[in-house]
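Below is one structure, written out as C-alpha cells, with a few remarks after it.
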Amino acid sequence: MLKKLFRNEVRNGNKYASLQRKLVIKIGNSILVAYFNCSICKMIVLVWLMDERWVYQKIVDGISEMELKVKSFTLVCDKNALINRWENDKNCEWRTTEWLTASLKSLPHFSSLENCIDTSDLKIDATCDMIMRKTFEESEKADGLH
C-alpha cells in the first residue's frame with residue numbers, strides 16, 4: 001500500500017511528499033524498534049535513499065534514542081554503472097527516463113557525502129562485504145582496538 005501511495009504521489013507532482021516522508025520515518029523507526037527488541041538480532045542494516053538531510057537526521061535520531069551505534073555509508077556509482085543498472089532493472093516500475101535524469105543529476109551531491117563507497121565495479125556480495133568490513137573497522141577504531 002505504501003508503495004502505491006508513493007507511486008501515485010510521484011505522478012501527482014509530490015503534493016504530499018513531506019507527509020509521506022514523515023509517515024515512512026514513523027514506520028521505519030517502528031520497524032527498527034522491533035529489531036532492537038529481538039534478542040537474536042545483533043545488527044541492523046538500513047538501506048534507504050535519503051535525499052534530504054532532515055529525513056536522514058530523523059532516522060539517525062530514532063536509532064540513537066535506542067542507544068545503538070550508527071554507521072552511515074553512502075553507496076554511489078559512476079554514470080555508466082547507474083545507467084546500466086537502471087536499464088537492466090525490469091522489476092521496479094518507477095525506473096523512468098525522468099527519474100534516471102534526476103538520479104544522474106544527484107550523483108555529484110551523493111558522491112560528495114562522507115563515507116562513500118563506490119559500487120561501480122562491485123557485485124552485491126562484494127558491496128555487502130565492504131560495508132561489513134568498514135563497519136567493523138570503524139567500531140575497532142572507536143573502541144581503540146585498531
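To keep it simple, each residue is scored yes or no on (1) at pLDDT 70 or above; (2) within 20 Å of Ile117 (Cα to Cα); (3) among the hydroxyl-bearing types (Ser, Thr, Tyr).
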position	(1), (2), (3)
Ile25	no, no, no
Asn37	yes, no, no
Cys41	yes, no, no
Leu49	yes, yes, no
Glu52	yes, yes, no
Ser64	yes, no, yes
Glu98	yes, no, no
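Residue under question is Asn14, and the condition is that it be of a type in the set (S, T, N, Q), farther than 26 Å from Ile124 by Cβ and at pLDDT below 70; does it hold? Write out each step before concluding.
Details: of a type in the set (S, T, N, Q): yes; farther than 26 Å from Ile124 by Cβ: yes; at pLDDT below 70: yes.
Yes, satisfied.
Quick test of your reading of the structure: Ile117 fulfils all but one of (1) within 20 Å of Ile44 (Cβ to Cβ); (2) at pLDDT below 90. Name the failing condition by number.
The one condition Ile117 does not meet is (2).
When the stretch 95-113 is examined, which residues are found to be over 15 Å from Asn80 (Cβ atoms), in contact with a strand residue (DSSP E or B) (Cβ under 9 Å, 6 or more places away or on another chain) and of a type in the set (A, V, I, L, M)?
Matches in the stretch 95-113: Leu113 only.
Determine, yes or no, whether Leu82 is at pLDDT 80 or above, in contact with a helix residue (DSSP H, G or I) (Cβ under 7 Å, 6 or more places away or on another chain) and of a type in the set (A, V, I, L, M, F, W, C). Show your work before the answer.
Values: at pLDDT 80 or above: yes; in contact with a helix residue (DSSP H, G or I) (Cβ under 7 Å, 6 or more places away or on another chain): yes; of a type in the set (A, V, I, L, M, F, W, C): yes.
Against the criterion (at pLDDT 80 or above, in contact with a helix residue (DSSP H, G or I) (Cβ under 7 Å, 6 or more places away or on another chain) and of a type in the set (A, V, I, L, M, F, W, C)), Leu82 qualifies.
Looking only at the stretch 82-121, which residues are more than 18 Å from the chain's Cα centre (by Cα) and open to solvent by less than 60 Å² (accessible area, probe 1.4 Å)? Steps first, answer last, please.
Initial filter on the stretch 82-121 (more than 18 Å from the chain's Cα centre (by Cα)): 83-84, 87-88, 90-91, 93, 96-98, 101, 121.
The answer is Ile83, Thr96.
Out of (1) within 18 Å of the chain's Cα centre (by Cα); (2) in a helix (DSSP H, G or I), what's the single condition that is false for Phe136?
So the condition that Phe136 fails would be (1).
Of everything in the stretch 50-91, what is closer than 19 Å to Asn37 by Cβ and acidic (Asp, Glu)? Give them in sequence order.
Once the filter is applied, which keeps residues that are closer than 19 Å to Asn37 by Cβ and acidic (Asp, Glu), the stretch 50-91 yields Asp61, Glu65, Glu67.
How many of the residues making up the stretch 53-69 are surrounded by 12 or more Cβ atoms within 10 Å (Cβ to Cβ) and part of a loop (DSSP other than H, G, I, E, B)?
Number satisfying all stated conditions: 2.
The values are calculated or read from the model by the stated rules, or taken from the named source; none is laboratory data. Quick caveat: nothing in here was measured; it's all calculated off a predicted structure. Cβ: placed from backbone, ideal geometry, glycine included. Neighbour counts: every protein chain shown. Side chains included, ligands, DNA and RNA excluded: accessible areas come from the protein's heavy atoms. Shrake-Rupley method; radii C 1.70, N 1.55, O 1.52, S 1.80 Å.
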